1. With the chain treated as a Gaussian network of Cα nodes joined by springs under 10 Å, which of ARG42, ARG56, ARG32 yields the largest mean-square fluctuation?
2. Please work out the ratio of the alpha-carbon Rg of the chain to 2.2 N^0.38 Å and round it to two decimals.
3. Assuming R0 = 30 Å, can you tell me the calculated FRET efficiency for the pair HIS21 and ARG56, based on Cβ-Cβ distance, to the nearest 0.05?
4. Quick one: what are the phi-derived ³J(HN,Hα) couplings along segment 55-72, Karplus 6.51/-1.76/1.60 with θ = phi - 60°, whole Hz, x for glycine and proline?
5. Calculate one ³J(HN,Hα) per residue across segment 18-31 by plugging θ = phi - 60° into the Karplus curve 6.51 cos²θ - 1.76 cosθ + 1.60, and present them in order as whole Hz with x for glycine and proline.
6. Which order do the peptides 44-52, 10-18, 22-30 take when ranked by the mean count of other beta-carbon atoms within 10 Å per residue, highest first?
7. Using Cα-Cα distances under 8 Å and only pairs 6 or more residues apart, what relative contact order does the chain have, in percent?
8. Using a 1.4 Å probe on the protein heavy atoms, what percent of the accessible area of the chain belongs to carbon and sulfur?
Amino acid sequence: MLPAHETHCVVDLFSAQTALHLAETLILLEDRLAADVSALARAEIERRVFTPFLDRGQKHWWRHGVSNWNGVCNGSVGAAFLYLEKDPE
C-alpha cells in the first residue's frame, strides 16, 4: 500500500494491482520459481489483499465513490482471485 493511502483504506489501487501482477507472474512462471518464493507470494497476496478485501466488504470507501478506484480495485482483486483459485469449479 502506498503510504499516502494508509489512513484512508486497507486495500488501495497499488496493493490491488500488485496482487494482480504477482498472481499473473505466478501463473506464468510458478514452475520456474523456487517453491518457497511461490508460497510466500501466495501467502502475502492472501494476507495483504484478499483477507482485508473480504473482511471489509462494503466498508471500503471507494466502493461508493465516483473515482476509478472502484473499478480498478475490484477488477484487480477479482482477477487475482480467479488466477489463484485452486478449485475453479
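The values are calculated or read from the model by the stated rules, or taken from the named source; none is laboratory data. A quick note: this is a predicted structure, and the numbers were derived from the prediction, not measured. Please note: Cβ atoms are built from the backbone with ideal geometry, for glycine as well, and neighbour counts cover all protein chains shown. All accessible areas refer to the heavy atoms of the entire protein, side chains included, with ligands and DNA or RNA removed. Shrake-Rupley method; radii C 1.70, N 1.55, O 1.52, S 1.80 Å.
1. In this elastic network of the chain, the residue with the biggest mean-square fluctuation among ARG42, ARG56, ARG32 is ARG32.
2. 1.11
3. So, using R0 = 30 Å, E works out to roughly 0.90.
4. Working through the residues one at a time gives 5, 7, x, 6, 7, 5, 4, 6, 5, 10, x, 9, 8, 7, 4, 4, x, 5 Hz.
5. 5, 4, 5, 5, 5, 4, 4, 4, 4, 4, 7, 10, 4, 5
6. In descending order of packing, they fall as 10-18, 44-52, 22-30.
7. 44 percent
8. Values: 3460 of 5890 Å².
Of all accessible area on the chain, carbon and sulfur atoms account for 59 percent.
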